[in-house]
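The values are calculated or read from the model by the stated rules, or taken from the named source; none is laboratory data. Since the model is a prediction, treat every value here as computed from it, not as a measurement. So basically every Cβ, Gly included, is an ideal-geometry build from the backbone, and we count neighbours across all protein chains shown. Accessible surface areas use protein heavy atoms only, side chains included; no ligands, DNA or RNA. Shrake-Rupley method; radii C 1.70, N 1.55, O 1.52, S 1.80 Å.
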Amino acid sequence: QVQLVESGGGLVQPGGSLRLSCAASGSIFSIYFMGWYRQAPGMQRELVAGITSDGRTNYAHSVKGRFTISRDKTKNTVYLQMNALKPEDTAVYSCNGDIGGMYYWGQGTQVTVSS
């Protein structure tokens with residue numbers, strides 16, 4: 001059984017920063033891909049950033065240059081550093097992992113950008 005647990009969400013003013021963490025635990029043999037998704041009210045869920053097992057990253061156009069995804073293999077943890085946050089970044093952010101050929105989701109963490 002694999003669990004993904006996110007942390008780091010909260011309320012931040014426009015222009016501020018937050019760092020999200022997603023820790024994987026359980027029977028982990030291989031992590032092929034980890035990604036951060038977000039879903040705002042009334043909107044479809046979208047991929048914000050992803051990182052492969054060999055370190056390749058990809059980002060949604062709307063966050064390029066502001067968000068950075070990284071990982072610590074020793075801790076089976078993926079991070080999302082979010083800078084220059086905008087009100088339109090407000091959403092529930094969820095971590096997804098392709099671990100051992102199966103997909104897992106975290107419970108999600110709320111990010112609210114508001115003055």
May I ask you to list the residues in segment 3-27 that are in contact with a strand residue (DSSP E or B) (Cβ under 6 Å, 6 or more places away or on another chain), open to solvent by less than 50 Å² (accessible area, probe 1.4 Å) and closer than 23 Å to residue 64 by Cβ?
6, 8, 9, 12, 18, 20, 21, 22
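Would you check if there is a residue in segment 28-43 being in contact with a Pro (Cβ under 8 Å, 6 or more places away or on another chain) and either part of a loop (DSSP other than H, G, I, E, B) or open to solvent by less than 50 Å² (accessible area, probe 1.4 Å) (or both)?
To start, the set of residues in segment 28-43 that are in contact with a Pro (Cβ under 8 Å, 6 or more places away or on another chain) comprises none.
Scanning segment 28-43, I find no residue that is in contact with a Pro (Cβ under 8 Å, 6 or more places away or on another chain) and either part of a loop (DSSP other than H, G, I, E, B) or open to solvent by less than 50 Å² (accessible area, probe 1.4 Å) (or both), so the answer is no.
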Of everything in segment 35-66, what is closer than 15 Å to residue 109 by Cβ and hydrophobic (A, V, I, L, M, F, W, C)? Give them in sequence order.
36, 40, 48, 49
Within segment 57-92, restricting attention to residues that are closer than 19 Å to residue 28 by Cβ, among the polar types (S, T, N, Q) and in a strand (DSSP E or B), which residue is most open to solvent (accessible area, probe 1.4 Å)?
70
With the structure loaded, tell me whether residue 49 is surrounded by 14 or more Cβ atoms within 10 Å (Cβ to Cβ), farther than 15 Å from residue 97 by Cβ, among the aliphatic types (A, V, I, L, M) and out of contact with any His (no Cβ under 7 Å at 6 or more places or on another chain) or whether it fails that test.
no
